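Q: Sending over a structure as structure tokens; questions will come in a sec.
Values quoted throughout were computed directly from the atomic coordinates according to the rules given, and no laboratory measurement underlies them. All values reported here derive from a predicted model rather than from experimental measurement. FYI the Cβ positions are ideal-geometry reconstructions off the backbone, even for glycines, and counts take in every protein chain you see.
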Amino acid sequence: MPVTTDIAAYLQTQGIGIVDTDIFIGEMPGSPDTCCSVFTYGANAPSLVHNGEYPSIQVRCRGKTEALALAKAYAVMKALHRKVEITINGHLYHFIGANASPTSLGRETGRARWLYVDNFTVEREME
């Protein structure tokens, strides 16, 4: 199962939202106004000495106001940062850590909605 599916499911268990309602995987649809989307981006090579992989995750949070988008991004960071040796959807995650505090992407082009992102380093057992 893709890491994005696991992370979205975990965020749902932490009360961030509901998958396919206001938590999305690999896309950020036009609605709802307030939502989060989980993406993968550049990662490190898998381990040469054990069965580990190191995907990088980005969670984009959108809101009608800057305060709402930032609050959602901080909630995501608090839900995922410093997670050690947890199992999500049957996959062992050795570590999930935020690379920085939430970062503003400003307003969406042509819209009054704000975007913030959280980037995470992940270490998990390969399938």
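Q: Could you give the dipole magnitude of the chain about its Cα centre, charging the beta-carbon of Lys and Arg +1 and that of Asp and Glu -1, in debye to the nearest 20? Walk me through the intermediate numbers first.
A: Details: 11 positive and 13 negative charges, 110 e Å.
Computed about the Cα centre, the dipole is about 520 debye.
Q: Give me the angle, in degrees from 0 to 90, between the Cα long axis of helix 66-80 and the longest principal axis of the Cα atoms of the chain, rounded to the nearest 10.
A: 10
Q: How big is the convex hull of the Cα atoms of the stretch 53-99, per residue, in Å³? Present the calculation step by step, with values, prior to reporting the outcome.
A: Values: hull volume 3.8 nm³, N = 47.
Taking only Cα atoms, the stretch 53-99 has a hull volume of 81 Å³ per residue.
Q: May I pose another question? Quick one: length gained pulling TYR74 to PHE95 fully straight, 0.36 nm per residue minus the C-alpha distance? Intermediate results must be reported in sequence, preceding the final value.
A: Numbers: separation 21, 0.36 × 21 = 7.56 nm, distance 1.86 nm.
So the extension gain works out to 5.7 nm.
Q: Continuing with this model, one more query. Would you work out the relative contact order for the chain, in percent, from Cα pairs under 8 angstrom that are 6 or more residues apart?
A: On the way: 282 pairs, mean separation 30.1, N = 127.
Computed over the chain, the figure is 24 percent.
Q: Continuing with this model, one more query. What are the ³J(HN,Hα) couplings of the stretch 45-59, residue after residue, when phi is run through the Karplus curve with 6.51, -1.76, 1.60 and θ = phi - 60°? Round to Hz, x for glycine and proline.
A: Ordered by residue, 3J(HN,Hα) equals 5, x, 5, 8, 10, 8, 7, x, 10, 10, x, 10, 10, 10, 10 Hz.
Q: When the chain is fully extended, how far beyond the present Cα-Cα distance does GLU127 get from MET1, taking 0.36 nm per residue of separation? Present the calculation step by step, with values, prior to reporting the outcome.
A: Numbers: separation 126, 0.36 × 126 = 45.36 nm, distance 0.80 nm.
Fully extending the segment from GLU127 to MET1 adds 44.6 nm.
Q: Quick one: check the C-alpha center-to-center distance for the stretch 54-71 versus the stretch 1-46, whole angstrom.
A: So the two Cα centres are separated by 10 Å.
Q: Reachable lysines from LYS64, Cα under 29 Å, same-chain residues fewer than 8 places away excluded?
A: Once the sequence-local lysines are set aside, what remains near LYS64 is LYS72, LYS78.
Q: Given the Cα-Cα distance of ALA45 and GLN12 and 0.36 nm per residue of separation, how much length would full extension add, in nm? Working shown, then result.
A: Values: separation 33, 0.36 × 33 = 11.88 nm, distance 2.84 nm.
That pair, ALA45 and GLN12, stretches by 9.0 nm at full extension.
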